[in-house]
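Each remark here refers to the structure printed beneath this line.
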Amino acid sequence: MNNALKVAALALVCLTPSTTHAGGLVQLEFKLANFSAPLAIDNSLLPLTAGRHIVYYEVEGDQCVVNDFVVTRSTKHDFRGKYAGLTARVVSDKAWLDKACNGGRDLLLENTVDWHAQDNAGNVWYLGEDTTEYFYDDAGHPLGTSKEGSWEAGRGGAEAGLVMLARPAPGLFYQQEFAPGVAEDAAKVQKVGVAVSIGLGDFTGCLVTKETTALSPGSIEYKSYCPEVGLVLVEVSGNKGGAEAVDLGLD
């Protein structure tokens, strides 16, 4: 066993109960008993403390977008199937068109609520999202909305995924969400313990993941997560697009 595989194997021991396959695939079996305090999401690389507010400034193609990310004090507890009985944290995520690229919020592009919970080992789970996308004509007049992309673990064959491992190690990869034909994102740990510098500041001990989706082959995002802050940088492969965070702390 080479050194990289030894590191992966040691990390996976700490993620029990789990099964793994060749290549570092992490699969955790969902068990309600493993969630004694699901709302205490204190994983240092993705802390989701109620009241937290983070703004991401994004460039998507030739547009600028302001993304408001708020960890609300609301919870969701009406899951079905094997997820029944679980309480998850509600996170609000709103994307606004910034016409002048100066931080303005001109047109609401997307309004999403996500549901997260942390297990006893410290892994952060993703239980689904309720999303609404808004469409406009060239003059900015509303044309309609779409709920495409919405899914919930326990409904329609959808399964909860992982958004942050308790102990990530290079080479490990995992399903972040799975709703057939709707949401099929996956992530692979690229680097750990790296330095990241953005407008918000300089960070060390950060994690970099490579995220892909089976629904859009070739679409790749590299995301940087830093201790006690969470997601700070998104870089889109083959595109000048991406996002940077500004942490506004707690409301």
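Tabulated data
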quantity	calculated
Residues of the stretch 120-145 that turn out to be touching a helix residue (DSSP H, G or I) at 6+ places or on another chain (Cβ under 8 Å) and either over 30 Å from Glu29 (Cβ atoms) or open to solvent by less than 20 Å² (accessible area, probe 1.4 Å) (or both), as a count	1
Residue in the stretch 175-198 that is of a type in the set (Phe, Trp, Tyr) and open to solvent by less than 60 Å² (accessible area, probe 1.4 Å) present	no
The listed residue being farther than 17 Å from Val163 by Cβ and touching a residue at least 24 places away in the same chain (Cβ under 8 Å), out of Leu97, Leu86, Leu48, Leu127	Leu97
Selection count, the stretch 33-67, where residues are touching a strand residue (DSSP E or B) at 6+ places or on another chain (Cβ under 8 Å) and either under 15 Å from Asp114 (Cα atoms) or among the aliphatic types (A, V, I, L, M) (or both)	20
Residue check for Glu221: out of contact with any Leu (no Cβ under 9 Å at 6 or more places or on another chain), among the acidic types (Asp, Glu) and surrounded by 19 or more Cβ atoms within 10 Å (Cβ to Cβ)	yes
Breaking point among (1) out of contact with any helix residue (DSSP H, G or I) (no Cβ under 8 Å at 6 or more places or on another chain); (2) exposed (fewer than 15 other Cβ atoms within 10 Å of the Cβ), for Val71	(2)
Residue check, Asp106 at pLDDT 95 or above and open to solvent by 30 Å² or more (accessible area, probe 1.4 Å)	yes
Matching residues, the stretch 188-215, being within 19 Å of Val229 (Cα to Cα) and among the small types (Gly, Ala, Ser)	Gly193, Ala195, Ser197, Gly199, Gly201, Gly205
Test: residue in the stretch 53-73 that is closer than 22 Å to Tyr174 by Cα and within 17 Å of the chain's Cα centre (by Cα)	no
Filtered residues of the stretch 146-161 (kept if buried (at least 16 other Cβ atoms within 10 Å of the Cβ), assigned to a loop (DSSP other than H, G, I, E, B) and either without any contact (Cβ under 8 Å) to a residue 40 or more places away in the chain or β-branched (Val, Ile, Thr) (or both))	Gly149, Ser150, Ala158
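Table: residues versus (1) in contact with an Asp or Glu (Cβ under 9 Å, 6 or more places away or on another chain); (2) part of a loop (DSSP other than H, G, I, E, B); (3) farther than 21 Å from Asp42 by Cα.
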{"site": "Ala187", "(1), (2), (3)": "yes, no, no"}
{"site": "Val192", "(1), (2), (3)": "no, no, no"}
{"site": "Ser197", "(1), (2), (3)": "no, no, yes"}
{"site": "Cys206", "(1), (2), (3)": "no, no, no"}
{"site": "Lys210", "(1), (2), (3)": "yes, no, yes"}
{"site": "Leu215", "(1), (2), (3)": "yes, yes, yes"}
{"site": "Glu221", "(1), (2), (3)": "yes, no, yes"}
{"site": "Ser224", "(1), (2), (3)": "yes, no, no"}
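The values are calculated or read from the model by the stated rules, or taken from the named source; none is laboratory data. Note that the structure is a prediction, hence the values are computed from the model and not measured. Cβ sites come from the backbone with ideal geometry, for glycine too, and all protein chains shown count toward neighbours. The accessibility values were calculated without ligands, DNA or RNA, using every heavy atom of the protein model including side chains. Shrake-Rupley method; radii C 1.70, N 1.55, O 1.52, S 1.80 Å.
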